[in-house]
Amino acid sequence: MQFFVLMPLYFFDRIENGEVFRGEHGTEFASLQDARREALLALTEIARDELPEHSDGCELLIYVREDDGPPILSVSLSLRVNMANEHRATSRTPATKTILN
């Protein structure tokens, strides 16, 4: 006699600056803690790989749900770039080399 253990199927919905990307393909995890770990990893990878280089900030959110049910877990990241003195950072002059004859 064989027994099969069915693992829950979790779906990840991504919201980036208000734009929703609904997860269509679920992933099996042994526990909600495993799904949580994967959601955190996904969030850090999105922040590392997909944020625009010259962006002043971004709001990222991942909802984890089972099938078509409501979210059972969420992870989020808020990134803001604030320059104290923007003028000073952009007004640097390039180094010059003087040649004396």
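For every residue, the table says whether it meets (1) in contact (Cβ under 8 Å) with a residue 12 or more places away in the chain; (2) touching a Leu at 6+ places or on another chain (Cβ under 7 Å).
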{"site": "Phe12", "(1), (2)": "yes, no"}
{"site": "Gly18", "(1), (2)": "yes, no"}
{"site": "Asp34", "(1), (2)": "no, no"}
{"site": "Ile62", "(1), (2)": "yes, yes"}
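Scan region 79-89 and give yes if some residue there is at pLDDT 85 or above, under 11 Å from the mean Cα position of the chain (by Cα) and either assigned to a loop (DSSP other than H, G, I, E, B) or loosely packed, with under 14 Cβ neighbours inside 10 Å (or both), otherwise no. No - not one qualifying residue is present in region 79-89. Scanning region 48-63 finds no residues that are at pLDDT 95 or above and either loosely packed, with under 11 Cβ neighbours inside 10 Å or touching a His at 6+ places or on another chain (Cβ under 6 Å) (or both).
The selection criterion, being in contact with a helix residue (DSSP H, G or I) (Cβ under 9 Å, 6 or more places away or on another chain) and of a type in the set (S, T, N, Q), holds for Ser76. Taking region 8-47 as the range and being surrounded by 15 or more Cβ atoms within 10 Å (Cβ to Cβ) and out of contact with any strand residue (DSSP E or B) (no Cβ under 8 Å at 6 or more places or on another chain) as the test, only Asp34 passes.
The values are calculated or read from the model by the stated rules, or taken from the named source; none is laboratory data. Computed from a predicted model, the values in this text were never measured in an experiment. Every residue, glycine among them, receives a Cβ derived from its backbone with ideal geometry; neighbour counts consider all protein chains shown.
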